[in-house]
Amino acid sequence: MSATWVALLRGINVGRGKRIAMADLRGMLEGLGYADVRTHGQSGNVAFTFRQSKADSLEQQISTSSRTDFGMDVVVFVRTAAEFAAAFDANPFVARGVASNELHAAFLSAEPSTATAAGIDRKAHLPDEFAFGKGVVYLRLPHGIMGSTLPDWDRVLGVRATQRNWNTTTRLRQLIR
């Protein structure tokens, strides 16, 4: 039985390095046996179906294939459609009616410790705001990403993160309906 998955490839096509055409990425995933492969944008946002498996094995498979096929080390974050939808639906800033152009989501490779997450001084980063969800940090950036005062989540939380704006997150949610 196949399941629907979302994969987020970190750091591709955001600078001059790590360039992967989405057609090539789709071809690589199809070559791995993934079906119904759909990409959004140019930054490694993918929805696909694949027989039941574990997210960590899919992350490793996509990362290894990226190294083999494209010569790039790529960190990959995979969620089931249900996990992605739950993360999408739980955004507290959407519930408050915050404009979507102020919103982002930082997807995490693992859950940070409760003590680490609680130890971040929220007032030090105002007017930016953040809230933790399951495997995600919800971000409200009223001055945009370039004006943000939020910390480097990798460094502060001790886990890897990849960030998407809310429009991209919304489009990915639509791809898995």
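The values are calculated or read from the model by the stated rules, or taken from the named source; none is laboratory data. None of the values given here were measured: they were computed from a predicted structure. Heads up, the Cβs are rebuilt from the backbone with ideal geometry, glycines too, and the neighbour counts pull from every protein chain shown. What goes into the accessible areas is simple: the full protein's heavy atoms, side chains included, and nothing from ligands, DNA or RNA. Shrake-Rupley method; radii C 1.70, N 1.55, O 1.52, S 1.80 Å.
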Exercise for the section: Considering only residues that are of a type in the set (D, E, K, R) and more than 23 Å from A47 (Cα to Cα), look in region 149-165 and name the one that is least open to solvent (accessible area, probe 1.4 Å). Expected result: D154
Exercise for the section: Check A115, A95 and return the single one that is out of contact with any Gly (no Cβ under 8 Å at 6 or more places or on another chain), exposed (fewer than 14 other Cβ atoms within 10 Å of the Cβ) and more than 30 Å from S57 (Cα to Cα). Expected result: A95
Problem - Number of the condition not met by T168 [criteria: (1) among the β-branched types (V, I, T); (2) at pLDDT below 95; (3) surrounded by 14 or more Cβ atoms within 10 Å (Cβ to Cβ); (4) touching a helix residue (DSSP H, G or I) at 6+ places or on another chain (Cβ under 8 Å)] - result: (4)
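So that you can scan it fast, the table gives a plain yes or no per residue for (1) hydrophobic (A, V, I, L, M, F, W, C); (2) within 19 Å of F84 (Cβ to Cβ); (3) touching a residue at least 60 places away in the same chain (Cβ under 8 Å); (4) in contact with a Ser or Thr (Cβ under 7 Å, 6 or more places away or on another chain):
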position	(1), (2), (3), (4)
S109	no, yes, no, no
T116	no, no, no, no
K123	no, no, no, no
E129	no, no, no, no
K134	no, yes, no, no
L139	yes, yes, no, no
H143	no, no, no, no
G147	no, no, no, no
Fill in the blank from the handout: Residues in region 11-54 that are at pLDDT below 90, farther than 19 Å from T68 by Cα and among the aliphatic types (A, V, I, L, M) total 1
Problem - Test result for E83, modelled with pLDDT of 95 or more, closer than 23 Å to S43 by Cβ, open to solvent by 70 Å² or more (accessible area, probe 1.4 Å) and among the acidic types (D, E) - result: yes
Handout entry: Subset of region 50-79 that is surrounded by fewer than 16 Cβ atoms within 10 Å (Cβ to Cβ) and among the β-branched types (V, I, T) - its residue that is farthest from the chain's Cα centre (by Cα)
Key = T68
